[in-house]
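Some notes on the structure that comes next.
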Amino acid sequence: MIREALAVAWREVRLVAYRAAALGVLVARRPLREVPLVATLVDRRLELGGANLVVQIRIESFGSPVDGRVQLELLDRGSRLAQISAEAQGGLVNARFAMSGAGPHSINVQLAADPSRTATVPIVGSRAAERSQTTLSPLGNEVKGSLLPSEGSRPVRGIFLEDGAARSTPFRLERVDTEKARITAATRVETARIVVIDPTYPAARPDAVDPVTGPHPAHFDEKYKLGEKLFIQGKIEAAHAVFDEALASQTGAPHPNYRYYLACCFAREGSVLPALDMLRGALRDGFRDFDHMAADDDLSALRGHPAFEAIKAGGRKEIALDDVEAGAVIEVDMPGPLGLLAIGAYVSGEPWEGWAALITPAAIAPRITVPERATPGGEARIEIDSGRAVDGASVYLVIKDARLLTPDTPASRLAGGIKAYAEGAGKALTVGKVAPADLEAKPRRYTAYDHRLDAEQCHEIAVETERLARAMLDAEGQR
């Protein structure tokens, strides 16, 4: 039914160069039909700490702006929460509702002059878990985020940031929406460890093959052995085809070497992005020999690429600091779209910990241009500027009936995942001094405070945080 509802209406797509950026030109020739009533959400925001929802809705009937009285109903999963009457002027109507319920919410619109004309508008980001305020940083000025905007909030990747109360912490974070975290020491710190986690780093699948204890494909797979032989002989194209076939023939979880070899084939052929994708696949299959990956000349085409350097780092990095003076600024590169910052330190002889979740702004800003009006039976020209000046861009474009919108969009789903991860991190970590009893009860929990311990031990705090946050994210996604 959903597939039938999608009005995928194009017949022709052309990619051309335009102002040094990829521009997609699409012409939709499917006949258009005007409908009795279409309602579109122009603006929505929360007031009074989330107690009220304020909306502006555009209403058109048979393609013309509506003027006059309309009935508006706020619905929570189909159940009416409130009903008001409002006046539409020039096709726009403003309304305010008391906000409650688990969501997702929608607004039903009905013309007072003709009750048979109705339309429904979904409120993106209206679930209770989405619209609630989640702390993203308690370091210095507290920063919170919600999927629904409020007065003065600023957007980043579908999350609306809002500054909260000032907190007295030994480290202050300048901002959470950045690719480079700037942390200022508010006081002298004897020693500190900063651990950065990339939540998007590919995790091994539950059924992944252990390359140390599992059977090696060279011992049982003739296609793998042939592909390896061709690769060593320098017949990369032929080896690529054989490894493709060998991987496709696997009935269970494949050994990570299949995709690792395919990554090497792509890299030797100069196809950087497919090689990176295959490396990520190898990680999900259980590959963990990062020393070999870093030294592998077959991957030399990838060296220096930010994504490859991030893959080599294992999704985590650590910065060791000693004798940090008050006012010192520490800059840390963050992964995208989300990075988790965990800090362990000794301040005035006492252990202290803190954390923050940072969101990197989108690297590209695609723009779409559509005609203000589409004539029934005519053509609609849609232009897509990817915003990328050098490499090519792939565009996934879906044209839907305006009456069949949903409370979820790709942007809101990403924002919801980021918010859920930050929520989980906030429950896994704390901000403040660590009691001696906690250090004795959970010595491994606070290994980041001891600068004599090695990096693997210092990562314990990061590993536990990631495990708990991923569990929270998975649970949220199942709701």
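Quick test for you: out of VAL176, VAL212, VAL242, VAL195, pick the one residue that is of a type outside the set (D, E, K, R), in contact with a helix residue (DSSP H, G or I) (Cβ under 6 Å, 6 or more places away or on another chain) and not assigned by TED's automatic domain parsing to the domain that holds ALA282.
Result of the check over VAL176, VAL212, VAL242, VAL195: VAL195.
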Practice problem: For VAL209, indicate whether it is outside any strand (DSSP E or B), over 16 Å from GLY416 (Cα atoms) and at pLDDT 95 or above. | Solution: no
Practice problem: State whether one or more residues within segment 184-192 are assigned by TED's automatic domain parsing to the domain that holds LEU340, assigned to a loop (DSSP other than H, G, I, E, B) and among the β-branched types (Val, Ile, Thr). | Solution: yes
Practice problem: Taking ALA95 as the residue in question, decide whether it is surrounded by 16 or more Cβ atoms within 10 Å (Cβ to Cβ), in contact with a Lys or Arg (Cβ under 7 Å, 6 or more places away or on another chain) and either among the hydrophobic types (A, V, I, L, M, F, W, C) or within 14 Å of ARG45 (Cβ to Cβ) (or both). | Solution: no
Quiz prompt | Residues located in segment 169-190, provided they are surrounded by 20 or more Cβ atoms within 10 Å (Cβ to Cβ), more than 29 Å from the chain's Cα centre (by Cα) and over 14 Å from GLU142 (Cα atoms) | solution = ALA185, VAL189
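Residue-by-condition table, conditions (1) crowded, with 18+ Cβ neighbours inside 10 Å; (2) over 18 Å from VAL54 (Cβ atoms); (3) modelled with pLDDT under 95; (4) of a type outside the set (S, T, N, Q):
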{"site": "PRO115", "(1), (2), (3), (4)": "no, yes, yes, yes"}
{"site": "GLU130", "(1), (2), (3), (4)": "yes, no, no, yes"}
{"site": "THR134", "(1), (2), (3), (4)": "yes, yes, no, no"}
{"site": "GLY152", "(1), (2), (3), (4)": "no, no, yes, yes"}
Quiz item: For segment 346-362, how many residues are aliphatic (A, V, I, L, M) and surrounded by fewer than 24 Cβ atoms within 10 Å (Cβ to Cβ)?
Solution: 2
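Could you grab me the full set of residues in segment 398-417 that are hydrophobic (A, V, I, L, M, F, W, C) and either in a helix (DSSP H, G or I) or closer than 21 Å to LEU136 by Cα (or both)?
Within segment 398-417, ALA402, LEU404, ALA411, LEU414, ALA415 qualify.
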Exercise. Being of a type in the set (A, V, I, L, M) and either farther than 30 Å from LEU397 by Cβ or in contact with a Lys or Arg (Cβ under 8 Å, 6 or more places away or on another chain) (or both) narrows it down to one of ALA320, ALA365, so name that one.
Key: ALA320
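Kindly indicate which of GLU237, GLU228 is loosely packed, with under 13 Cβ neighbours inside 10 Å and either aromatic (Phe, Trp, Tyr) or in a helix (DSSP H, G or I) (or both).
Numbers: GLU228 fails: loosely packed, with under 13 Cβ neighbours inside 10 Å.
After ruling out the rest, the residue left standing is GLU237.
The values are calculated or read from the model by the stated rules, or taken from the named source; none is laboratory data. These numbers come from a predicted model, not from an experiment. Glycine also receives a Cβ, built like all others from the backbone with ideal geometry; neighbour counts cover every protein chain displayed.
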